[in-house]
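Working notes for the structure below.
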Amino acid sequence: MSKKLNYNEMLEKLLDNYYSYNKKESSFIKKALKISKERFALKTGLKFLNKNSKEEFGSELISKAFWYSKKKHLKQKRVSGEPYFIHPYNTALYLTQLKMDAQSIAAALLHDVVEDTETAVKEIKTVFGKEVASLVESLTKLRQIVTISDRKEYNVALQKILLATTKDVRVLLIKLADKYHNLKTLQFLPKQKQIMIASHALEFYVPLAKKLGLHDLKDDFEEICFKIIKPKIYVKIRNRLKTSTKLKEDEMNLMIKTLEKKLSKAELKVDFTKYRRTTYSTFKKMTQNFKSFTEVQDSVVLIALTDTKEQCYEFLGILHNTFSPIPLKFRDHMSISQLDLYKSIHTTVLGPKHSPIKIYIRTKEMQSLINKGVAELLRESEIDKNVFRKNLSLLNNLMSINIDELSTESFIDSLKTDYLKDRILVFTPQGKITELPKDASVIDFAYAVDSKTGDRLKKAKVNGKNVPIWQKLGNGDLVEVIAGKNIKVSKFWNNFAISAKAREEIQKHLRRKKEKKQRMPLVSIEFRAFDRVGLIKDFADAIVEANANIFSAEIKSSYESRIGKNSFTIELSDPIKLEQLIKRIKKIKGVVDVKSRFIE
């Protein structure tokens, strides 16, 4: 009897600390799996999986997959020397935390069986059914494409797999759980391989986790990868965060006490929690914004949780009446839906000790969605299911694009830009919201409106001001595009279009062109200048430097004012050089003003 209790204690510790994987835990795992009553240990693990799975009647399926996987991987070892079964077990274990369905957990337990053992998908289908077999097959193919060396073949394969994913997002959730456990055990691989795997995870799996709404998982991915790629910087920032976090939390506790008195009078129930900025997000904020560590003032964020959306705004009013809000630090991510399922109100106020404190305000349901992402939507919640469908629709649109119709950019780059990259929200004059990849241009916006508008794009206004059509757009911009009667598409647009749809439409049009060589765009330049010897030569030199040709010229001078009005039509090899050319002309001695416009 006493021995059973010892095994229970050991297994409880094993299950509670499975992810830490330091030396102490690693030895625990080995001991637990080598004890004479291994079957008892496995049954305890199985009980844990079934207890945490979503479906009461899925336990039979999970049990069958558990023992089947254990048997198939029986003689296999990981690089660490541990039984291979530890990996599929932990992959399934993470999915239980997301409360995934029995089919997903079973597929997680079986996800390496086809690839690593002599087992066919047909056998999986016979034993576990069509649904589980389909998940396992997709996961097997997703793993296989990593070994494809030919870039074009790799992209075609990935496109097909991700197309299947749009029909069943559980494939990506299981893959993320698989990658999560593998990243946690990278210390047993050579250092260079660790860095390569971690770098790839940062590039692909981190934005994918964010896109699927798994923000906690995204943070864990970033921390693990950052620690491997830049260990010295990781330790330095982590140590400094410990000190700054303590000071910030002390001030937050004072703030909470003050707010709770106000909330009690208003009879408003608000729960408070804290989000500690990760070392990687701190590093990224420092490098992207050119800030020192001391300038990153939100090492901790206070999170206020309410029951309803209306209460969020009620609390915001109380907060701003109690503590002074800092101008330009307010963002409402709640009213406008985003494709990464994130909803929250962001604000920054001066705390009791007069230092900036960032606060996120959201409902408890939104908090659960942030923690579990699409897994929450797959279960019972109806919140934002339209956003979820729109998210998958965006990926599906990308998958439908023919790789051969993309320009020199590969399909992988399109995936990163259109689906994984951060998005911006811009508005039409009618108030309609359009979502675009970050760094998108007016050209991308025009094609997002419709293909005809894009092809005939002539002029644009952003926030009421005339801008060139290659102008980059920012979050919240009001964009108005003006289309001409004729098609305006130019090969130079490829330099400014970043969305897959825009690049595809541009390529389609260019292929239809009969002319092998397009005429360079014509630009009309008018400038007034004091007449002097050498003026026209200086202008011609500026044109040559811009790699342009003078198409026509008209020079008028006034004897009385000695100010001449000069008009030139030039062929410009690269539209982006127009701005540089105008600046160059303005610097010419005697020039008073310069105007330019593209000619249809």
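When you restrict to C-alpha pairs under 8 Å that are six or more residues apart and normalise by the size of the range 231-379, the relative contact order lands at 23 percent. Charged side chains reduced to their Cβ positions (Lys and Arg at +1, Asp and Glu at -1) give the range 231-379 a dipole of some 780 debye around its Cα centre. In terms of other Cβ atoms within 10 Å, Cys312, Cys225 run from fewest to most in the order Cys312, Cys225. Using a cut-off of under 13 Å, list every residue of the range 299-333 whose amide N is near the label point 7 Å from the Cα of Leu268 along the Cα-to-beta-carbon line. Zone members listed by number: 304-323. Sorting Arg562, Arg331, Arg584, Arg503 from the fewest to the most surrounding beta carbons within 10 angstrom yields Arg562, Arg331, Arg584, Arg503. Overall shape of the range 522-599 was characterised from the C-alpha gyration tensor. The equivalent ellipsoid obtained from it has semi-axes of 21, 12, 11 Å, in decreasing order. Applying 0.36 nm per residue to the separation of Lys236 and Arg597 and subtracting their alpha-carbon distance, the gain on full extension is 124.7 nm.
Scanning residues 5 or more positions from Met100 or on other chains, those with amide H under 5 Å from its amide H are Lys54, with H placed 1.01 Å from N in the peptide plane.
Determine the sum of side-chain charges near Lys248: Lys and Arg each +1, Asp and Glu each -1, restricted to other residues whose C-beta is under 13 angstrom from that of Lys248.
On the way: positive: Arg240, Lys242, Lys246, Lys274, Arg276, Arg277, Lys353, Lys358; negative: Glu249, Asp250, Glu251, Asp298.
So the surrounding residues net to +4.
Could you give me D for the range 420-512, from Stokes-Einstein at 20 °C and 1.002 mPa s, where the hydrodynamic radius is the Kirkwood radius over C-alpha pairs? Units µm² s⁻¹, please.
Values: Rh = 12.9 Å.
Translational diffusion coefficient: 166 µm²/s.
Here, the range 231-379 has an Rg and a Dmax of 16.1, 49 Å when only alpha carbons are counted.
How big is the Rg/Rh ratio for the range 66-138, C-alpha atoms only, Rh by Kirkwood, two decimals? Write down the numbers at each step before the final one.
Working: Rg = 11.8 Å, Rh = 12.3 Å.
For the range 66-138, the value is 0.96.
Per-residue Cβ neighbour counts within 10 Å put Leu535, Leu473 in the sequence Leu535, Leu473, beginning with the fewest. Using the Cβ-Cβ distance between Thr569 and Ser292 with R0 set to 56 Å, the FRET efficiency works out to roughly 0.65.
Just to confirm a number: summing +1 for Lys and Arg and -1 for Asp and Glu over residues other than Ile582 whose beta-carbon lies under 13 angstrom from that of Ile582, what do you get? Neighbourhood net charge equals +3. Add +1 for every Lys or Arg and -1 for every Asp or Glu among the other residues with Cβ under 13 Å from the Cβ of Thr287, and state the total. Overall, the nearby charge balance is +3.
Computed from the coordinates by the stated procedures, all read-outs in this text should not be read as laboratory data. On a predicted model such as this, the values are computed, not experimentally measured, just so you know. Cβ: placed from backbone, ideal geometry, glycine included. Neighbour counts: every protein chain shown.
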